[in-house]
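See structure below.
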Amino acid sequence: MNAIGLLVIILFILMVFVGKGQGVKAFLGLLCNFLAIFILIILINWQFNPYIVTSIMSLIILSVAIYLGADNINVTNIAFKTSVIVVAIIMALTILIQYFGQFQGFTTENSEELEGLSLTVGLSFSHIAMIAMIISVLGAVAEAAMAIAADLTEVIERTPNMTSIRLYAHSRIIGGQILGTAINTLFFGVLGANIPLLIWFVRLRYPVAMFVNAKLLMVEVVTMLLGMLGILLSIWVASWLIVRTHVKQQKVVMKNERNV
């Protein structure tokens with residue numbers, strides 16, 4: 001057994017120990033999403049339309065991650081709607097950024113690894129870069145949407161007569177806490193993954209202009225910024241949806257009371 005297999009077994013044991021049945025569902029969701037990404041790679045390799053394939057697979061990944069991650073149907077519905085809206089915005093923004101930034105293909109630092117290999121693979125590296133950016137932000141978007149939806153739903157359950165103004169105030173407080181921790185998670189994740197690259201650039205005495213414009217690094221930075229934007233949008237959209245739903249429910253209750 002290799003190290004990866006051992007880590008997967010340890011992860012499964014810990015998820016079952018901590019989450020019991022919910023941990024098993026979350027682990028199964030992880031496996032399903034891994035399979036979905038593998039199918040996405042195959043379909044892109046078969047030259048299917050990348051926009052359609054990415055959209056469908058993103059919906060599948062989000063639905064599995066969200067609906068297998070919680071039991072409260074109201075929370076999961078709000079989180080899924082939020083994630084779909086935010087990912088659609090991020091996808092449009094990614095296409096625009098990719099068009100102007102051209103964050104695709106290989107760099108001069110990859111020349112040694114590619115020596116002797118054919119680059120005529122018949123695939124658009126622009127589409128591949130776009131897909132990688134979108135897939136990378138799905139987890140952050142779903143996590144932020146679930147967190148804000150679960151917290152605000154709990155607030156409403158405790159104080160069902162809360163006004164929309166007070167609920168918005170609670171959403172700003174809760175959203176600020178979620179935003180800070182989630183953005184730090186993204187930042188340090190990207191920083192930790194690219195520390196060897198940063199050290200390499202420093203040792204090679206890259207000038208500041210070349211350092212900032214290095215494609216290897218900028219792709220990670222742009223992906224991180226898209227993830228941060230996705231978290232922020234998730235908090236806003238989820239808060240708006242929850243407050244809107246709560247106001248509608250209050251109007252229905254008041255109407256029923258008047259009829260009685």
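Read-outs: derived from the displayed coordinates by stated rules, not from any lab. Since we're looking at a predicted model, the values are computed, not measured. So basically every Cβ, Gly included, is an ideal-geometry build from the backbone, and we count neighbours across all protein chains shown.
A few remarks follow.
- Size of segment 136-195 as Cα extents on the principal axes (Å, biggest first): 50, 17, 14
- Sequence-separation-based contact order of the chain, relative, with Cα cut under 8 Å and 6+ spacing, percent: 23 percent
- Trypsin sites (Lys or Arg not before Pro) lying in DSSP loop within segment 167-221, provided at most 10 other Cβ fall within 10 Å: ARG205
- Over segment 5-103, relative contact order from alpha-carbon pairs under 8 Å, at least 6 apart, %: 23 percent
- Taking other Cβ atoms within 10 Å as a rough exposure proxy, ILE231, ILE89, ILE61 sort from fewest to most as ILE89, ILE61, ILE231.
- Applying 0.36 nm per residue to the separation of TYR99 and LEU14 and subtracting their alpha-carbon distance, the gain on full extension is 26.3 nm.
- Separation between Cα centres of segment 146-184 and segment 21-70, rounded to whole Å: 28 Å
- Entry note, the chain: the mean residue ellipticity at 222 nm calculated from DSSP H runs of n ≥ 4, each adding -39500 (n - 2.57), is -29500 deg cm²/dmol after division by the residues and rounding to the nearest 500.
- By the combined test of axial Cα extent (at least 15 Å) and Kyte-Doolittle hydropathy (mean at least 1.0), the qualifying DSSP H helices of the chain come to 3-45, 50-67, 73-101, 125-158.
- Tensor-based shape of segment 1-84 (alpha-carbon gyration tensor, a/c under 1.5 rounded, otherwise prolate or oblate): oblate
- This ranking places ILE97, ILE10, ILE78 by how few other beta-carbon atoms lie within 10 Å of each, fewest first, which gives ILE10, ILE97, ILE78.
- Debye intensity ratio I(q)/I(0), log10, segment 129-249, q values 0.13, 0.19, 0.20 Å⁻¹ (C-alpha model): -0.61, -0.95, -1.02
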